[in-house]
Amino acid sequence: MDNLLLNVHNVSKSFPGVKALADVGLDVRHNEVLALVGENGAGKSTLMKLLSGIHAPDSGSFELDGRPIQVQSPKQAQELGISIIHQEFNLMPDLTVAQNIYIGREPRSGNFLLNDRRLNARAAELFARIRIDLDPKSKVGDLTVAKQQMVEIAKALSHDSKVLIMDEPTAALNEAEVAALHEIIRNFKSESTGVIYISHRMDEINEIADRVTVLRDGGYVDTVDAGSTPIRDVISMMVGRRLSTEQRPDPAPAGTDVVLAADGVSTRDMLSGVSFELRAGEILGFAGLMGAGRTEVARAIVGADRITAGSIEVHGRQQKIPNPAAAASLGIGYLSEDRKHLGLLLDRNVKENIALSSLGRFSGGGFMKGKAMAAKAQELVGTLRIKTPSVNQPARNLSGGNQQKVVIAKWLLKDCDILIFDEPTRGIDVGAKEEIYTLLNELASQGKSIIMISSELPEVLRLSHRIVVMCEGRVAGSLSNDEADQENIMEMATRFGADDVVPAGAEPAGGTQ
Amino acid sequence: GGGSTGNESGGGDGKPYVAIVSKGFQHQFWQAVKDGAEKAAKDYNVRITFQGPDTESNVAQQIEMLTSALNKNPDALALAALDSKAAAPLLETAKSKDIPVVAFDSGVDSEIPVSTVATDNKAAAAEAAKHMAKRIGGEGQVAIVAHDQTSKSGKHRRDGFVNWMKKNAPGIEIVDIQYGGGDQLKSTDLAKAMIQANPKLDGLYGTNEGSAIGIVNAVQELGMKGDVTVVGFDSGKAQLKAIRSGLMAGAVTQNPIGIGYKTVETAVKAMKGKDVKQTIDTGYYWYDKENMDKPKIAENLYK
Amino acid sequence: MSTVQAAKSESRTHTGDTAGRTLSGRLRSSLQQFLAFASLIALVIFFSIASGKFMTLSNISGILLATSVIGILALGTTFVIISGGIDLSIGTGMTLCSVMTGVFLTYLGLPLIVGVIGGILTGAVMGLVNGTLIAALKIPPFIATLAMMMIAEGLALVISGTSPIYFGSTPGFTNLALGSVIPGLSIPNAVLIIFIAAVLAGVTMSKTIIGRYTFSIGSNEDATALSGVNVKKWKVLIYTFAGAFTGLAGVVMASRLSSAQPGLGMGYELEAIAAVIIGGTSLQGGKGSIIGTVIGALIMSVLTNGLRIMSIPQEWQNVAVGAVILLAVYLDMLRRKETS
Amino acid sequence: MSTVQAAKSESRTHTGDTAGRTLSGRLRSSLQQFLAFASLIALVIFFSIASGKFMTLSNISGILLATSVIGILALGTTFVIISGGIDLSIGTGMTLCSVMTGVFLTYLGLPLIVGVIGGILTGAVMGLVNGTLIAALKIPPFIATLAMMMIAEGLALVISGTSPIYFGSTPGFTNLALGSVIPGLSIPNAVLIIFIAAVLAGVTMSKTIIGRYTFSIGSNEDATALSGVNVKKWKVLIYTFAGAFTGLAGVVMASRLSSAQPGLGMGYELEAIAAVIIGGTSLQGGKGSIIGTVIGALIMSVLTNGLRIMSIPQEWQNVAVGAVILLAVYLDMLRRKETS
Ligand SMILES: Nc1ncnc2c1ncn2[C@@H]1O[C@H](COP(=O)(O)OP(=O)(O)OP(=O)(O)O)[C@@H](O)[C@H]1O
Ligand SMILES: Nc1ncnc2c1ncn2[C@@H]1O[C@H](COP(=O)(O)OP(=O)(O)OP(=O)(O)O)[C@@H](O)[C@H]1O
Ligand SMILES: [Mg+2]
Ligand SMILES: [Mg+2]
């Protein structure tokens, strides 16, 4: 083919104990979006890290516009016109949005003097051009995960590059933002450019992709035309088997007695008068736009943020919850949306991460029962099919999705009556998602109560008995499963005329069918 | 210069070997002692090593130095003990190895040392007090910048001064005593603060070179030359210059070079089994503009 | 309030770089400066009341003079610490620089200006070495600079032959610190020097590329490298730049004592680092400010001077200093929780 | 290899805790221990060749004795550093503990065992205070323990009246460190004590829940807290536990000098921390090992002793120590890049 933008020939890469990629090849044409899909740990991110000069391939070669290239360093990748949004954030929290985006390319007056006025102006232009709502001067560390993702996207688009690689850019985004991002991508691709797009949200594939390349277990499976190939075929190529994805399961009916009740809960930064009830055996979905305050609600309940007004009742008794430890002792667990900073001990191994919340159980007289701990961890690695050479692998070395599974395993092991899952399926592949859905339903049917915060409406709709919709730190309303649909949820989510809602015309994407 | 005594071969060559563990190393006083020791080493054709802790309160460091010195099985050991009780077990070791021990600078209250080459810090400090009292006419306010709060010599040079004043100069009030660790910069700021705090100050006494120079700097920086009587301890180029220029009334010097020389000399005698004097007093001298060039004095002053 | 949140709010707030910040951010941080300044004022007021001798012009200029050496050291170290590193070699390093100045002026008899620049360059070279050890050889900053601390201490003694070097041959040298270029006003030049140095450092920190990368590297070194910044090069530059301040401190020190004292320096590094941290710079890197450091240094020297003026016994002075530092920093923490 | 990777691999490798590791991991890390040990051996061999006086039984036991105090301090600090903190108060704190032991035994004439336990508890209490300042009041460890360093120094002087306290009334006390319970073999008890202390620390680190939390908190404090761990409580415990080692060091020191010396201690904290870091523990927290610390401490004291035995002039000794530390740590780095 003559019109190849990027060409990858039989690339292989292994890490100690893991063969991440074996003879993988793919090609990107001009003016196309190539979706790259595969299970967690299939090797997608690794391939992209090779393309962006973070790792060096053990073997194989790359061609850009027909010319062979070698990518030794991230800087060189940029110079070659390859820019990447990594799966994990690479931001400087103490710097402002603009400073982050143009780091290394600051507008200067003279050699050494910075020109921050030009810097911020340039950032503002960029945001206007790609229609992202960000304040160039706000400190990245203060932004929500979603907004930080937007910064990463803006940063990648700020180099006008040939090849734009996006590794799960939408994992932190909700429907409206996703639609906006797709708009951005459509504007980006041109006769001289192309996009590699990694995602686990199958609904996006036919939204945005022209072709789909499938990886499985570090090997190349096939490349198919996105338009003409039904999603379920792609999925079965990914997981090597057919999945039955029923539209809405009928979860066991929730009990009636209230296990957790928030009454007029407010925090200084964000929440005002949030009230809701969680019943035994219920899955209560939380929907809302980015920055609506769902995470804040969770943090407030487990005592990670101070409550300035309102009260919380657990099992009918009013409780003061000063910190997450207290919440845990009341049987409330919180799975954070930010696995890297608030979920994992990256340098510690899988075993320790899984056991972290339950160490007491594995210690007698202060001494650790190492064997019991390892055994239990091994068991959960099995149930959740966590892809890792062993439970002794440092969490850092796991793939994003597998890291997420480790965090989930931690809370399954802790065995709380009330579980708050904030974006639990972030970065998890379709197959695993189904398993986690079933798992959540089982937990519910065992009488455990679950609050499920998710930016993926289909997910919320599928799992929740009831859905609380938040907007601007307030509860906009709540719907029972059967009266809820994407439209009325979006309507509620924007009820208070949220100003940071992404431009209209971005019609919500369809569910999985 | 520095490393001349360091004998890299670490033993072996035929010369007899005297290990000297002093109270200090970096201060000029101890460098002068070292020079004296080196001179004697040349004269008597022996090899010496000279070591001392970073500060005169670091007893533990001195004990380590003593330990490794003993493990070198020297023919004789010279020690200026920071704390003789703390050193006692090691002196026993020396005895059991029949290594003759010479105590220097200040005595070691123990039977083991064959001889003590020392000067009396208290008496020397009293001498300084006497001259201070004379200069300020027997009454007024005096403050002390001391170099160390816990070490024996630090205490003696302070108390000798204070006690003499108490006994002999009731009109003189010691208004403040503070400690600059012999650090010239700290002592300077310290002395300035003292002068600020006590405007009616008539005299300042520094218990070692660093402290004295600190005072001199303070007086200079405050442009108070002549307003306060400054009395110092030890010598050193800067102090001599200050005395000549009249910034300082004078100072008490011990005889560091003599101490160093006599110490080695005695050690050599002892190792050869000759009998040695129980105590050798190397004395101290008051010196000022008038007498500092007299050979008797000048030979005790180091630059 | 919970550990997490506190940890967060702590780690979130107080980006001292005056470059673009959100309005609230700008307000907050200037408020902080103001309040940190307030606790300094509080000390001054306390001592003025406690002793009539404190608030005199000569004592104030004495305090400023006493701040100069530690203060200049602290300025350089602020860069190192914000970049996520640490430098323990500044104390004895400063001494080595004094000694080298002595070598240039007294031993080699070079002209004044050459000696001064030579002293400053000595510091820069030491910084260059530190930076290379840390950035190129990947030796942890703490251990690299600890080793340099010992090496510098030794070299200062060796080069000087363990005795002070006097500047008799260059009489002008002493005026460098103690003279006064401003006629009338009796402010010693050393105070001017630290003032200029502080302005230089402040501008570099907030308005130049090196300042930007200092914050960026300290905030997230890997991400900065991934963004195509040559982190290795900039780290070396940062340490070298900081080293120049160590050199300047050495020159000022020598000039003030009109001699290079090979025995000094050990322990000065902790005082300087303390000043930086009291000034609100975080050892985690990424957060801090020059103005904070200046205030921190002033708090330290006001404290020492005040206690001496009150002639508190030495042993109690240490206790008092420790206690006051705790109090000051604790109030600072409370305040940040409020403002965050 | 790109900067990033380098940075990463550095920040990644060398998880010294002996708890479960991958086979390759286990091999690698034991290899590291072995090699760190090797550079210690290398030093020993070098000095044995350089001076016949080095490899004598009395000198070896001298070295071990010299390791005891710094070593015990380093053991405790290892916990603090792995948990992501730092403790500068161990040096003067140790002295305060010696003084308190003196108070208990000499001033109050309490029985030996009470005095010993009293000294250790003093350390634990100091640790408790440090921990509370840091965990509850959120004061940065560096500044909190720096303040405690000054306070402890002052209190030691105040309580002792600035003069040493001798143990004449409890003759048995000196044997605690210098006596020898093993007949025949002339190994002083102090060596036994640090050996036992090391084993205790090692087991605590790798086999108990406090060790587990030490690593978790050091690795990611926020995540640990959000996992429902009472970080505040455990941090206080960690500092208290570490403080007990400071107390023990104080007791051994006092027994060794058969006196409590109020004036020393400043500077010991840096030596101890250096030993910890030479032993491969990272100041970023989350990584480190007790065995590493022991080796680090031995490297330090072998070095000092060897240079003295070789009669290297004192001013050169510092230079040599610094250089060797750099070399040792650099080789360590290289090796980790290899093995990682
Ligand atoms: N630095 C590393 N060291 C060791 N193993 C690694 C490392 N990085 C990735 N791996 C392994 O390589 C395999 C592929 O990882 P990769 O991140 O490419 O998967 P992925 O397709 O991106 O999965 P996900 O969809 O969950 O992000 C995984 O088994 C992972 O454990
Ligand atoms: N980890 C956090 N710590 C402190 N404040 C946070 C954190 N995450 C978000 N916030 C604040 O809470 C506000 C709402 O963000 P939050 O994440 O709670 O919204 P959300 O509804 O969960 O949206 P999403 O989680 O999809 O970003 C944001 O403005 C942000 O400043
Ligand atoms: Mg991935
Ligand atoms: Mg959220």
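Compared with the direct C-alpha span, the chain from A:Asp415 to A:Asp257 gains 54.9 nm at full extension, assuming 0.36 nm per residue. If you fit an axis through the alpha-carbon atoms of helix A:430-445 and take the longest principal axis of the Cα set of chain A, what angle between them do you get, 0 to 90°, nearest 10? Computed tilt is about 0 degrees.
Per the Debye calculation on region A:316-367 with a single equal scatterer at every Cα and no solvent contribution, log₁₀ I(q)/I(0) for q = 0.28, 0.30 Å⁻¹ amounts to -1.17, -1.20. A:Gly219 sits among other residues whose Cβ lies under 11 Å from its own Cβ, and their net charge, with Lys and Arg +1 and Asp and Glu -1, is -1.
Along the axis of the charge dipole computed for region C:28-339 (Cβ charges of +1 for Lys and Arg, -1 for Asp and Glu, origin at the Cα centre), the listed residues C:Gly263, C:Thr77, C:Val229 are led at the positive end by C:Val229. With N as its number of residues, region A:209-358 has a Cα radius of gyration that, divided by 2.2 N^0.38 Å, comes to 1.42. In terms of packing, defined here as the mean over residues of other Cβ atoms within 10 angstrom, the peptides C:169-180, A:336-347, C:234-245, B:215-226 line up highest first as C:234-245, A:336-347, B:215-226, C:169-180.
Peptide packing for B:21-29, C:95-103, D:298-306 was compared via the average number of neighbouring C-beta atoms within 10 Å per residue; ordered from the highest value, the list is C:95-103, B:21-29, D:298-306. Sorted from shortest to longest, the distances between the D:Ala323 label points of this copy and the other copies are 4.8 nm, with each point 7 Å from Cα along the line through the beta carbon. Taking other C-beta atoms within 10 Å as the exposure proxy, C:Lys207, B:Lys34 rank C:Lys207, B:Lys34 from fewest upward. Let me know the shape class of chain D, please: from the alpha-carbon gyration tensor, a ≥ b ≥ c as square roots of the eigenvalues, rounded when a/c is under 1.5, otherwise prolate if a/b is greater than b/c, or oblate. Oblate, because a/c is 1.5 or more while a/b does not exceed b/c. Ranking B:Ala40, B:Leu82, B:Ile63 by Cα position along the charge dipole of region B:38-82, where only Lys, Arg, Asp and Glu carry charges on their C-beta atoms, puts B:Ala40 farthest toward the positive end. What is the sum of charges around D:Leu65, taking Lys and Arg as +1, Asp and Glu as -1, for the other residues whose C-beta is under 11 Å from the C-beta of D:Leu65? Net charge around D:Leu65: 0. Distances between copies of C:Leu57, taken at a point 7 Å out from Cα along the Cα→Cβ vector and listed shortest first: 7.5 nm.
Measuring from each Cβ of chain C to the axis carrying C onto D, the nearest residue and its distance in whole Å come out as C:Gly267, 4.
Under the criterion of Cα pairs below 8 Å and six or more residues apart, the relative contact order for region B:1-155 equals 19 percent. Restricting the calculation to alpha carbons of region D:245-333 gives Rg and Dmax of 14.7, 41 angstrom. Reported value for chain A: 157 Å³ per residue, from the convex hull of its C-alpha atoms. Only beta bridges with both residues in the protein assembly as shown are counted; by DSSP, about 45 percent of them are antiparallel. Charge dipole (Cα centre; +1 on Lys/Arg Cβ, -1 on Asp/Glu Cβ; no other charges) of region C:195-288 amounts to roughly 260 debye. With neighbour counts taken as other beta-carbon atoms within 10 Å, the residues A:Arg216, A:Arg108 rank, fewest first, as A:Arg108, A:Arg216.
Taking amide H as placed 1.01 Å from N in the peptide plane, A:Ala20 has its amide H under 5 Å from the amide H of A:Lys13, A:Ser14, A:Phe15, each at least 5 places away in sequence or on another chain.
Inter-chain Cβ neighbour count for C:279-290, averaged per residue, equals 2 (cutoff 10 Å, partner chain atoms only).
Each other copy places its own label point for D:Ala136 at 5.0 nm from this one, sorted shortest first, where the point lies 7 Å along the Cα-to-beta carbon line. Dipole size of the protein assembly as shown about its Cα centre, with +1 on Lys/Arg Cβ and -1 on Asp/Glu Cβ: approximately 3080 debye, rounded to the nearest 20.
With a 10 Å cut-off around each Cβ of C:129-139, the average count of Cβ atoms from other chains is 3. Rounded, prolate or oblate: which fits the protein assembly as shown, taking a ≥ b ≥ c as square roots of the Cα gyration tensor eigenvalues, rounded meaning a/c under 1.5, else prolate when a/b beats b/c? Prolate, because a/c is 1.5 or more and a/b exceeds b/c. Spin-label model, A:His9 to B:Ser110: label points 7 Å out along the Cα-to-beta-carbon direction sit 8.1 nm apart.
Shielding by partners for peptide A:300-307, expressed as the average number of C-beta atoms from other protein chains within 10 Å of each residue's C-beta, is 4. The angle between the Cα long axis of helix A:116-130 and the main principal axis of chain A comes to about 80°, on a 0 to 90 degree scale. Ordering D:Leu327, C:Leu248 by the number of other Cβ atoms within 10 Å of each residue's own Cβ, fewest first, gives D:Leu327, C:Leu248. Taking every C-alpha pair closer than 8 Å and separated by at least 6 residues, the mean separation divided by the residue count of region D:28-339 gives a relative contact order of 35 percent. One equal scatterer on each Cα of region C:169-210, no solvent, Debye formula: the resulting log10 I(q)/I(0) at q = 0.17, 0.20, 0.22 Å⁻¹ is -0.57, -0.67, -0.72.
For region A:344-459, just say rounded, prolate or oblate: build the C-alpha gyration tensor, square-root its eigenvalues into a ≥ b ≥ c, call rounded for a/c under 1.5, and beyond that prolate if a/b exceeds b/c, oblate if not. Note, shape of region A:344-459 comes out oblate.
Between the listed residues B:Gly206, B:Ile257, B:Tyr285, the Cα displaced farthest toward the positive end of the dipole of region B:206-303, a dipole computed from Cβ unit charges relative to the Cα centre, is found at B:Ile257. Annotation: peptides A:164-172, B:45-53, D:68-76, ranked by per-residue average of other Cβ atoms within 10 Å with the highest first, follow the order D:68-76, A:164-172, B:45-53. Entry note, chain A: relative contact order of 17 percent, from Cα contacts under 8 Å with a spacing of 6+ residues.
The charge dipole of region C:28-339, taken about the Cα centre with unit charges on the Cβ atoms of Lys, Arg (+1) and Asp, Glu (-1), comes to about 540 debye, rounded to the nearest 20.
Read-outs throughout are calculated quantities, based only on the coordinates presented, and are distinct from any laboratory measurement. Just so it is clear, the structure is predicted and the values come from calculations on it, not from any experiment. In this analysis, Cβ positions are derived from the backbone assuming ideal geometry, glycine residues included, and neighbour counts consider all displayed protein chains.
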